[in-house]
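S.K.: Dropping the structure in here first, questions after.
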Amino acid sequence: MIDGAKSTTNDDWQLSVHKVLEYAGKVHPTTEIISDRRLQGGELHILNYGKVLDRVRSMANALEKELDVKPSDVVGIIDWNDHRFFESYFSVPSIGGVLLELNFRLHPSDLVYIVKHTKAKGLFIDDSLLLLAQILSKEYKFDFIVVMSDKSLEEIEPLKGMSLASKVYGYEELVKSHSPNRRFEEVNEKSAAYAAFTSGTTGLPKGVFYSHRSVVLHAMTVAHDMRPTDTLLQVVPMFHANGWGTPFAAAMQGCRQIYPGRPTPESLTDYILNYKVTRTAAVPTIIIELLKRLEKMDPKPDLKGLKISMGGQEPPSKLVSELAKYGVEVYQGYGATETSPVVSVGFSKSEIDNLPAEDKFLKMKQGLIVFGVEVKVVDPITNQELPWDGKSVGEIWIRGPWITREYYNDPRTSQSFTPDGWWRSGDVGVVDPLGYIRLVDRLKDVIKSGGEWISSIDLENFLMAHPYVREASVVGVPHPKWGERPLAIVVLKSDYENLPKDEVKKSLLDHLSKKFAKWQLPDDIVFVDEIPKTSTGKFDKKLLRDKYKNLFTSS
């Protein structure tokens, strides 16, 4: 590192996350924060940045003075997407604590492991999820539990007769009993603000602790495509890598925000139509459900101005062209829990800006690498760096200011990180000369047949472009001759469910033959009512591989 001349700028000014809300509360105090808890048995709350800032100050006082939370203490949260989760994003880190985002879709044994591993001091939990508090309390004793509810503690039925072995407080009671007068102290920007854990599909979950600095820098990147006139619908679960960063980015820009609580496809459609939503992000499975509802509407709605960012898994290109008919712009992003998560975003460069929507989407794929993130493509066998030519396939390695460089107290760090800070993503892909990433597969999901690689993602996407198909997942299963062969698991659209399966199978294989060589085609197609998904909405390929592992070897 080279040391140059001393600067005259205020480089000691800390990038602390509470400053994001302080800004929004002062510059955009009347901009709405809408929190809909009606599907959780609660109320519709219409707040604004000014009111939220006051509530956060009150809760920060309560955390410090009544709950005895100290700097570096970890406080877990189990909640749907609502205003109390949004407030907790700022209250806990503002006093130097770490907000531990717990994915309630994980198996309880994983949650027990996480709270024990992090030594969580306390737990914030929504009243509709109190059963999880009881399960966790049998294995781990919190100093306190704060119940987040629209009701008083005495009115919450699940609490009656429940043994939690911790002192229980009401969130609203704490806010009301503590003053909103508070001057936030500076928090070291390199201190941890949040903790999130991977979904644990292979072994125990792995922890990532995000610093204040990393979250603020990440949010500044996400925010550059937002304006104060935008309305954000927060669909991505807030426990999943800070909700992909959009709550912070929207606050930076003073956008109106909508928190849907416990959402349904119907309620999400209503929000988009009734509140004129202009920004949202979600996994493709949710957007597919949205499209199904739009297709049933007469007259068809005009959604021009709505931008949807999709991540988690690659959406079928057909989805993009269908949504474009309603004026919706769809683009992909790429990242992971370890990357905060934005690595690349599907923004178009001048070279491709005039292409039709579907062609542009196919060209941008997983997106353009954003400033601040370094990416290289590496041969997984030789560890040699490969060129950005759009053809050389290797593992994607990543590093940067919001990319983690180690797992929290975990010996598996050495398997995933290099000494100089590169994270080995486990994703197989290419980078083209324009700087766009295209994923071919996960290292663990790529199908190795007869010494050749077959991309499960490419097969899935082309299958989902067939008019009969609602969802499709492709996995490699053991084969006595070829090592592995592709198996397609398909959910048909309701209009085609009763067609003869041999006829449907032939149609799907004929369709795939337009793009894939015969040796790349699935050896079989299995039709199911539903494809299992992980806690983050991705196809659960581990479960599928296990379920069908003997399909080609049992005969």
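S.K.: I'd like to check which strands (runs of 3 or more DSSP E) are fully inside the stretch 90-197 and have at least 2 residues that are within 23 Å of Asp68 (Cβ to Cβ) and out of contact with any Phe, Trp or Tyr (no Cβ under 6 Å at 6 or more places or on another chain).
M.R.: Ranges flagged: 98-101, 122-126, 144-148, 167-170.
S.K.: Next up: If a residue must be within 25 Å of Asn550 (Cβ to Cβ) and exposed (fewer than 14 other Cβ atoms within 10 Å of the Cβ), how many such residues does the stretch 484-500 contain?
M.R.: Number of matching residues: 0.
S.K.: Could you check, for the stretch 245-264, whether at least one of its residues is outside the structural domain of Glu338 (by TED's automatic domain parsing), surrounded by fewer than 18 Cβ atoms within 10 Å (Cβ to Cβ) and of a type in the set (A, V, I, L, M)? Steps first, answer last, please.
M.R.: Step one: of the stretch 245-264, the residues outside the structural domain of Glu338 (by TED's automatic domain parsing) are 245-264.
Adding the requirement that they be surrounded by fewer than 18 Cβ atoms within 10 Å (Cβ to Cβ) leaves 264.
Next, from what is left, pick out any that are of a type in the set (A, V, I, L, M): none.
Checked against the condition, which is being outside the structural domain of Glu338 (by TED's automatic domain parsing), surrounded by fewer than 18 Cβ atoms within 10 Å (Cβ to Cβ) and of a type in the set (A, V, I, L, M), the stretch 245-264 yields no hits at all.
S.K.: A follow-up question, please. So Pro522 fits all but one of (1) assigned to a helix (DSSP H, G or I); (2) at pLDDT 95 or above; what number is the exception?
M.R.: (1)
S.K.: Within the stretch 548-555, identify whether any single residue is farther than 29 Å from Glu322 by Cα, within 32 Å of the chain's Cα centre (by Cα) and surrounded by fewer than 18 Cβ atoms within 10 Å (Cβ to Cβ), and answer yes or no.
M.R.: yes
S.K.: Also: How about the stretch 279-322: which of its residues are within 16 Å of Ala357 (Cβ to Cβ) and either part of a strand (DSSP E or B) or polar (S, T, N, Q) (or both)?
M.R.: Lys307, Ile308, Ser309, Met310, Ser317, Ser321
Conditions tested, residue by residue: (1) touching a residue at least 24 places away in the same chain (Cβ under 8 Å); (2) in contact with an Asp or Glu (Cβ under 9 Å, 6 or more places away or on another chain); (3) not polar (S, T, N, Q).
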site	(1), (2), (3)
Gln40	yes, yes, no
Ile46	no, yes, yes
Leu67	yes, yes, yes
Gly76	yes, yes, yes
Asp79	yes, yes, yes
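S.K.: Of the residues that make up the stretch 8-28, is at least one assigned to a helix (DSSP H, G or I), under 19 Å from Phe90 (Cβ atoms) and of a type in the set (Lys, Arg)?
M.R.: yes
S.K.: Working carefully through the options Leu492, Leu543, find the one that is without any contact (Cβ under 8 Å) to a residue 12 or more places away in the chain and not assigned by TED's automatic domain parsing to the domain that holds Asn103.
M.R.: So the residue among Leu492, Leu543 that is without any contact (Cβ under 8 Å) to a residue 12 or more places away in the chain and not assigned by TED's automatic domain parsing to the domain that holds Asn103 is Leu543.
S.K.: Give the residues of the stretch 220-241 that are within 15 Å of Trp402 (Cα to Cα) and touching a strand residue (DSSP E or B) at 6+ places or on another chain (Cβ under 6 Å), sorted by residue number.
M.R.: Ala241
S.K.: Can we say Ser149 is touching a residue at least 12 places away in the same chain (Cβ under 8 Å) and surrounded by 20 or more Cβ atoms within 10 Å (Cβ to Cβ)?
M.R.: yes
S.K.: Output the residues belonging to the stretch 116-126 that are buried (at least 19 other Cβ atoms within 10 Å of the Cβ) and without any contact (Cβ under 8 Å) to a residue 60 or more places away in the chain.
M.R.: Result: Ala120, Lys121, Gly122, Leu123, Phe124, Ile125.
S.K.: Just checking, does the stretch 149-159 include any residue being under 24 Å from His18 (Cα atoms), modelled with pLDDT of 95 or more and of a type in the set (D, E, K, R)?
M.R.: No, there is no match, as no residue in the stretch 149-159 is under 24 Å from His18 (Cα atoms), modelled with pLDDT of 95 or more and of a type in the set (D, E, K, R).
S.K.: Determine the pairs where a residue that is without any contact (Cβ under 8 Å) to a residue 60 or more places away in the chain and of a type in the set (D, E, K, R), located within the stretch 299-322, has a partner that is assigned to a loop (DSSP other than H, G, I, E, B) and surrounded by fewer than 17 Cβ atoms within 10 Å (Cβ to Cβ) with Cβ atoms under 6 Å apart, the partner being 6 or more residues away or on another chain.
M.R.: Qualifying pairs under 6 Å: Asp302/Gly327; Lys304/Gly327.
S.K.: Let me ask another. Could you tell me which of the residues Asp410, Asp389, Asp359, Asp420 is outside any helix (DSSP H, G or I) and surrounded by 14 or more Cβ atoms within 10 Å (Cβ to Cβ)? Please lay out each step first, then the result.
M.R.: Numbers: Asp389 fails: surrounded by 14 or more Cβ atoms within 10 Å (Cβ to Cβ); Asp359 fails: outside any helix (DSSP H, G or I); Asp420 fails: surrounded by 14 or more Cβ atoms within 10 Å (Cβ to Cβ).
Answer to the selection: Asp410.
S.K.: If Phe85 satisfies every condition in (1) surrounded by 22 or more Cβ atoms within 10 Å (Cβ to Cβ); (2) at positive phi but one, which is the exception?
M.R.: (2)
S.K.: Identify, by number, the condition in (1) without any contact (Cβ under 8 Å) to a residue 60 or more places away in the chain; (2) touching a Leu at 6+ places or on another chain (Cβ under 6 Å); (3) assigned to a strand (DSSP E or B) that Ile396 doesn't meet.
M.R.: (2)
S.K.: Just to check your reading of the model, which residue among His178, His107 is within 25 Å of the chain's Cα centre (by Cα) and assigned by TED's automatic domain parsing to the domain that holds Asn81?
M.R.: Of His178, His107, the one residue that is within 25 Å of the chain's Cα centre (by Cα) and assigned by TED's automatic domain parsing to the domain that holds Asn81 is His107.
The values are calculated or read from the model by the stated rules, or taken from the named source; none is laboratory data. From a predicted model like this one, the values you see are computed outputs, not experimental measurements. Cβ atoms come from the backbone with ideal geometry, glycine included; neighbour counts cover every protein chain shown.
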